[in-house]
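One structure is given below, encoded as structure tokens.
The values are calculated or read from the model by the stated rules, or taken from the named source; none is laboratory data. Remember, it's a predicted structure, so these values are computed and weren't measured experimentally. Don't worry about glycine lacking a Cβ; one is built from the backbone with ideal geometry, like all the others, and counts go over all protein chains shown. Remember, those area values only see protein heavy atoms, side chains included, never the ligands or the DNA or RNA. Shrake-Rupley method; radii C 1.70, N 1.55, O 1.52, S 1.80 Å.
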2 protein chains.
Amino acid sequence: MAHVSIIGTGNMGQAISGIVTAGGNTVEAFDTSGPDTPVTGDVVVLAVPHPAVADVVAKRGPELAGKVVVDITNPLDFSTFDSLTVPADSSSAAGLAEALPESRVLKAFNTNFAATLAARAVGDQPTTVLVAGDDAEAKALLIDIVAAAGLRGVDAGSLRRARELEAVGFLQLTLAAGEKIGWAGGFAVTP
Amino acid sequence: MAHVSIIGTGNMGQAISGIVTAGGNTVEAFDTSGPDTPVTGDVVVLAVPHPAVADVVAKRGPELAGKVVVDITNPLDFSTFDSLTVPADSSSAAGLAEALPESRVLKAFNTNFAATLAARAVGDQPTTVLVAGDDAEAKALLIDIVAAAGLRGVDAGSLRRARELEAVGFLQLTLAAGEKIGWAGGFAVTP
């Protein structure tokens with residue numbers, strides 16, 4: 001059984017929490033405005049907006065050593081909705097991995113809207129969580145956690161693929177904001 | 001009725017040709033190894049591998065002036081399957097628009113596998129052609145052409161979004177090459 005710490009109690013944090021517990025694993029949730037009691041999970045999900053990731057690193061960097069740390073963010077420039085705030089040849093997740101060299105950083109959940117995590121489906125397909133990272137064991141652990149809840153977890157490659165996952169997340173957000181898709185729709189990964 | 005010139009007679013050229021004619025529009029197809037008779041279409045689809053786009057521009061640049069030119073390519077580095085060959089902050093389509101300043105360049109079809117264009121569906125969803133470009137009339141024309149054949153055409157934004165469309169195409173190709181999805185599957189766009 002995996003124990004998962006989720007930092008952030010917004011829509012995404014709640015949806016991911018629901019998935020973890022539905023699969024028979026355990027969750028501890030942290031409100032970012034609450035006290036900074038230490039995380040105890042083997043997996044720590046940073047379910048915060050991208051600009052808040054740096055705060056979590058500053059506060060909790062040392063205690064994240066050795067843990068699987070999951071970046072779910074889409075680093076959009078929300079003032080223009082026309083670009084990302086990370087370097088074009090990199091990603092939020094790559095930046096996080098650089099800031100946390102002792103952690104096993106994964107990119108995941110950023111291509112999933114909260115409603116599709118809660119519904120477990122996009123159209124006729126199970127909701128698919130695309131997971132990128134350089135540690136195979138860490139990816140397998142997260143894929144097992146989501147699969148236990150009836151979702152599909154797919155290894156999307158090395159952490160370099162986080163760049164493409166963030167592009168997918170960005171595009172999907174612009175399509176939803178432009179009412180081309182709904183917030184319960186989006187990219188369904190069809191085998 | 002639209003008249004469409006398709007340069008390239010591979011899987012993608014054939015599949016796009018099938019869509020155009022199924023919708024009641026007309027096609028002329030050009031084999032890149034054949035004679036360079038002038039294109040007569042209002043819309044010209046460059047259904048060639050990315051490295052061949054520069055040849056088409058060199059040979060046909062002047063005759064493409066005023067036309068809607070559609071870039072369908074995924075500019076992968078096929079030797080590594082780990083990156084694109086275009087600048088990270090740009091796209092193949094942006095490069096094409098720079099090379100053809102008198103044309104109305106669109107990015108489209110690069111997120112569709114040939115089999116899903118032929119089948120008209122990905123899972124339970126109609127195959128969706130994501131179209132990016134800076135000319136609203138050109139986008140509407142292409143969207144009408146694919147919609148007439150029973151596909152869904154979606155305006156994915158300005159030509160800047162070609163960067164994200166190429167990231168989606170790249171990711172989808174790596175997932176298929178890694179047998180995470182099939183060549184008749186991939187990203188279904190769910191409303």
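Points to keep in mind about this one:
- DSSP bridge analysis restricted to chain B gives an antiparallel fraction near 20%, rounded to the nearest 5.
- Exposure of residue A:9 as accessible area (Å², to 10), given a probe of 1.4 Å and all protein chains: 60 Å²
- Residue A:106 long-range amide H proximity, modeled H, under 5 Å: A:69, A:70, A:71
- Note, ³J(HN,Hα) from phi for the stretch B:81-90, Karplus 6.51, -1.76, 1.60, rounded to Hz, x at Gly and Pro: 6, 10, 6, 9, 9, 9, x, 4, 9, 9
- P(r) tail fraction, chain A - alpha-carbon pairs more than 23 Å apart, %: 36 percent
- Cα gyration tensor shape of the stretch B:58-164, rounded if a/c is under 1.5, else prolate or oblate by comparing a/b with b/c: oblate
- Between residue B:81 and residue B:1, the contour length at 0.36 nm per residue exceeds the Cα-Cα span by 24.8 nm.
- Per-residue HN-Hα couplings for the stretch B:56-71 [Karplus 6.51, -1.76, 1.60; θ = phi - 60°; Hz; x = Gly/Pro]: 4, 4, 4, 7, 10, x, x, 6, 8, 4, x, 8, 7, 10, 10, 8
- Shielding by partners - mean other protein chain Cβ count within 10 Å, residues of A:80-89: 2
- Long-range HN-HN contacts of residue A:186 with modeled amide H, under 5 Å: B:190
- Taken residue by residue and averaged, Cβ atoms of other chains lying within 10 Å of the Cβ of A:162-173 number 5.
- Solvent-accessible area of residue B:143, all protein chains in place: 30 Å² (probe radius 1.4 Å, heavy atoms, ligands and nucleic acids excluded).
- Residue-averaged beta-carbon neighbours from other chains (10 angstrom radius) around B:179-190: 6
- Label distances, nm, residue A:22 versus same residue in remaining copies, Cβ-directed 7 Å point: 3.4
- Taking Cα centre as origin and charging only the Cβ of basic (Lys, Arg, +1) and acidic (Asp, Glu, -1) residues, the dipole magnitude of the protein assembly as shown rounds to 580 debye.
- Shortest-first distances to equivalent copies, position residue A:85, nm, label 7 Å out along Cβ: 3.6
- Phi-derived couplings, Karplus 6.51 cos²θ - 1.76 cosθ + 1.60 at θ = phi - 60°, listed residue by residue for the stretch B:176-186: 6, 4, x, 6, 7, 9, x, 6, 10, x, x Hz, with x used for Gly and Pro.
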